[in-house]
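Structure record follows, encoded as structure tokens.
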Amino acid sequence: MVKRARAGSILRTNRVRWAPFMGRAMSEWVINPEEVVRLIPEMGGAVVSLSVLRGDAPVGVMQREAPEVPEDSGWSFTGLGDSEEFLDDPDNATVCDLNTLANIDTGIIRHLTRPEGVVLVRDDPDGPFEVVEGPDDPPSVVFLPPVSGPTRLSAHWGLSVPGYCLRRVDEGNLVIWRPGLTLWLAIGNGEFDVAERLAELRDEIAEGTAIEANEGDGWATLTYRNEEESSWRVQAVSASQHLMIAAYFDDDDAEADAQAALGSVEWLGG
């Protein structure tokens with residue numbers, strides 16, 4: 001385990017060249033440039049074993065150290081089963097943009113916000129990564145796979161996501177975003193009297209605000225514009241869950257998308 005935990009350091013000690021990202025011909029890689037989609041926000045590059053980039057092995061060790069240059073994320077990745085002899089050869093590693101690597105091995109995505117000093121290992125291609133060195137507290141921000149169109153938000157609520165959006169869990173809240181539009185979602189579980197809760201919410205909304213109400217069997221939503229924060233809001237209540245969404249936008253088109261998204265909130269039952 002100790003040798004594998006040092007794999008990232010071995011790659012960096014070999015002084016892999018940083019500029020440009022993808023300096024080695026992608027023709028050797030398991031993915032073509034036109035196949036790469038945006039899965040995470042821009043985070044910079046990483047040192048990566050060619051065994052991963054060629055598709056010979058999934059990531060086996062991921063390690064984060066202090067960045068060497070501004071475009072460096074600090075991450076290094078080695079393939080499951082890479083030998084020390086393989087890693088000692090600097091020609092067996094290169095620099096890769098993190099988003100490209102996430103397209104090759106999606107298993108790394110939810111760990112990319114972990115801090116410097118952490119080392120994670122997995123022993124099976126389909127197994128989870130486990131922290132073997134460094135901070136092991138769950139990060140406050142975790143990236144999730146992107147979404148588009150009809151999307152389940154919880155066991156009981158869903159909406160239609162406008163276009164292709166990234167997702168993250170941020171301090172316990174779900175965030176769905178793309179350039180110009182951000183949806184912040186919070187879900188509270190409990191026992192609610194729907195009519196009572198709606199009355200309380202109406203009292204909390206600024207006087208004079210136009211509210212669109214939608215009611216069903218055992219659930220209801222209130223949608224309105226929050227002028228103070230230039231956002232659209234929806235409060236969705238059932239007997240067991242209270243969903244709150246704030247949609248922030250940069251322009252008129254994004255505002256229209258925000259309204260459409262909140263207007264599509266639906267009760268999925270349960």
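Observations on the model:
- Matching entry among LEU166, LEU174, LEU181 (being touching an Asp or Glu at 6+ places or on another chain (Cβ under 9 Å), in the same structural domain as GLY216 (by TED's automatic domain parsing) and modelled with pLDDT of 95 or more): LEU181
- Residues being of a type outside the set (A, V, I, L, M, F, W, C), touching a Gly at 6+ places or on another chain (Cβ under 7 Å), assigned to a strand (DSSP E or B) and crowded, with 18+ Cβ neighbours inside 10 Å - total across the range 143-185: 1
- Residue within the range 92-99 that is modelled with pLDDT of 95 or more, touching an Asp or Glu at 6+ places or on another chain (Cβ under 8 Å) and of a type outside the set (Lys, Arg) present: yes
- All told, ASP170 meets the bar of being closer than 30 Å to ALA261 by Cα and charged (D, E, K, R).
- You will find that of VAL69, VAL47, the residue that is assigned to a strand (DSSP E or B) and modelled with pLDDT under 95 is VAL47 and no other.
- Members of the range 205-230 that are over 21 Å from VAL194 (Cα atoms) and in a strand (DSSP E or B): ARG225, ASN226
- When the residues of the range 24-43 are filtered to those that are surrounded by 13 or more Cβ atoms within 10 Å (Cβ to Cβ) and more than 18 Å from ARG110 (Cβ to Cβ), the one that is modelled with the lowest pLDDT is ARG24.
The values are calculated or read from the model by the stated rules, or taken from the named source; none is laboratory data. Note that the coordinates shown come from a computational prediction; the quantities given were computed from them, not determined experimentally. As a convention, Cβ positions derive from the backbone with ideal geometry for all residues, glycine included, and neighbour counts pool all protein chains shown.
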